[in-house]
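The values are calculated or read from the model by the stated rules, or taken from the named source; none is laboratory data. If you're wondering where the values come from, they're calculated on a predicted model, not measured in any experiment. Because the Cβ atoms are built from the backbone with ideal geometry, glycine has one as well, and the counts that use them run over all protein chains shown. Each accessible area value is taken on the protein alone, full model and side chains, heavy atoms only, with ligands, DNA and RNA left out. Shrake-Rupley method; radii C 1.70, N 1.55, O 1.52, S 1.80 Å.
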Amino acid sequence: MDGDKIAKSLLLLISAVIILIATAMLYSLVTGSIPVFREFGAGFIFSSEWDPARDREQFGALPFIAGTLMTSFLALIICLPLSFSASILLGEYLRGTKTASVISLLIDMLAGIPSIIYGLWGFYTLRPFIVQVGLSEQGYGIFTASVILSIMIIPYATSMSKEIIAMIPEHLKEAGYALGATQSEVVFNIILPNARSGIFASYILAFGRALGETMAVTMLIGNANVLPRSLFEPGNTMASVIASQFGEASGLLLSALIAIGLLLFVITAIVNYLGKMIIKRFG
């Protein structure tokens with residue numbers, strides 16, 4: 001009994017600390033954003049002008065919101081077929097084999113590589129390749145950043161989806177085989193319908209990581225503070241503009257960067273909330 005009370009107390013304490021940290025973060029972002037919203041109002045969100053020069057000081061977050069959503073969605077689109085196929089292969093077709101163990105180990109290693117390494121690889125390998133094939137003059141842009149992002153989130157989505165697939169009860173699969181179903185029929189008619197909510201959740205988490213990725217994107221997106229007109233033009237994301245300009249920021253520019261951080265916080269929260277609602281609705 002005493003052990004249960006201690007466990008509950010610890011859980012309550014940990015929950016209180018987490019809530020306190022989240023509240024403190026939100027408070028700091030809101031208070032830091034007040035000057036720029038007082039100056040530009042809601043127009044800060046919908047304006048595409050970004051000029052931090054002292055004699056002008058015009059700030060608009062739309063280019064960075066657009067760049068963030070474009071790179072993240074495109075990365076998810078590229079990631080989805082690759083990670084989905086790999087998770088089915090590892091979670092069912094090759095489950096329990098040495099090949100699956102080796103591939104899973106490699107995937108886990110990829111998930112642990114720092115983002116700066118992906119950025120360096122993209123800068124010295126992917127960017128010149130994109131220039132060679134004629135997709136971009138300098139290789140920087142939304143597409144280049146999205147490809148790197150997709151490579152970064154594939155291990156996360158694959159690993160989580162594979163674990164969900166492997167957790168499907170054996171008796172369900174055995175019942176399918178007993179009725180004469182093939183392995184592919186068991187996968188698509190038994191495993192995936194039962195695992196869909198977990199698989200969807202893995203992609204929501206992968207998308208959330210793509211939204212907040214900083215270093216690799218900063219190195220490859222081109223850091224142009226303009227609304228991108230195509231996938232092969234330079235742009236910027238919310239995280240990368242904060243990383244590249246925060247060090248020397250002061251005054252209204254500092255407030256604008258904090259406000260962008262607040263918007264990123266809100267967008268991430270909305271994405272996670274919608275993901276949970278969809279899982280509850282269709283899970």
query: In Å², what does the accessible area per residue of region 86-235 work out to with a 1.4 Å probe?
result: 50 Å²
message: Please list, ordered by chain and number, the residues whose modelled amide H lies under 5 Å from the amide H of Q58; skip anything fewer than 5 residues away on the same chain.
response: D51, A53
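Leaving out ligands, DNA and RNA, and with a 1.4 Å probe, what % of the accessible surface on region 1-148 is carbon or sulfur? Intermediate values should be presented prior to the final figure.
On the way: 6330 of 9010 Å².
The value for region 1-148 is 70 percent carbon and sulfur by accessible area.
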- request: Compute the length gained on full extension between L13 and L110: take 0.36 nm times their separation in residues and subtract their Cα-Cα distance, giving the result in nm to one decimal.
  value: 31.5 nm
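Taking the Cβ-Cβ separation of L80 and L20 as r and a Förster radius of 41 Å, what is the calculated FRET efficiency to the nearest 0.05?
Numbers: r = 37 Å, r/R0 = 0.89.
E between L80 and L20, to the nearest 0.05, is 0.65.
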message: Just to confirm my numbers, what's the Cα centroid distance between region 11-39 and region 135-186 in Å?
response: 35 Å
query: Where the centre of each part is set by its Cα atoms, how far does region 235-283 sit from region 50-113, in angstrom?
result: 17 Å
task: Let me have the relative contact order for the chain, percent, based on Cα pairs under 8 Å that are six or more residues apart.
output: 27 percent
message: Taking only Cα atoms of region 41-131, what ratio of Rg to Rh do you get with Rh as the Kirkwood inverse-distance radius?
response: 1.19
message: Just to verify a number: what accessible area does W50 come out at with the full protein assembly present, 1.4 Å probe, Å² rounded to tens?
response: 20 Å²
- prompt: Membrane-span-like helices in the chain: DSSP H runs reaching 20 Å or more (Cα, own axis), mean Kyte hydropathy at least -1.0?
  reply: 2-40, 62-88, 98-112, 142-166, 192-212, 251-282
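Over the chain, what per residue volume does the convex hull of the Cα atoms give, in whole Å³?
On the way: hull volume 52.7 nm³, N = 283.
That works out to 186 Å³ per residue.
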query: Counting Lys and Arg as +1 and Asp and Glu as -1, what is the net charge of the other residues whose Cβ lies under 11 Å from the Cβ of G119?
result: 0
field: Virtual spin-label span in nm between A53 and S184, 7 Å along Cα→Cβ
entry: 6.3 nm
- request: Give, in nm to one decimal, the length gained when the segment between A224 and I117 is fully stretched (0.36 nm per residue of separation minus the Cα-Cα distance).
  value: 36.3 nm
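With every protein chain kept in the model, how would you rank V17, V36, V147 by accessible area, 1.4 Å probe, largest at the top? Present the calculation step by step, with values, prior to reporting the outcome.
Numbers: V17 70, V36 0, V147 25 Å².
Largest to smallest exposure gives the sequence V17, V147, V36.
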message: How large is the accessible surface of E174 in square angstrom, using a 1.4 angstrom probe and rounding to the nearest 10?
response: 110 Å²
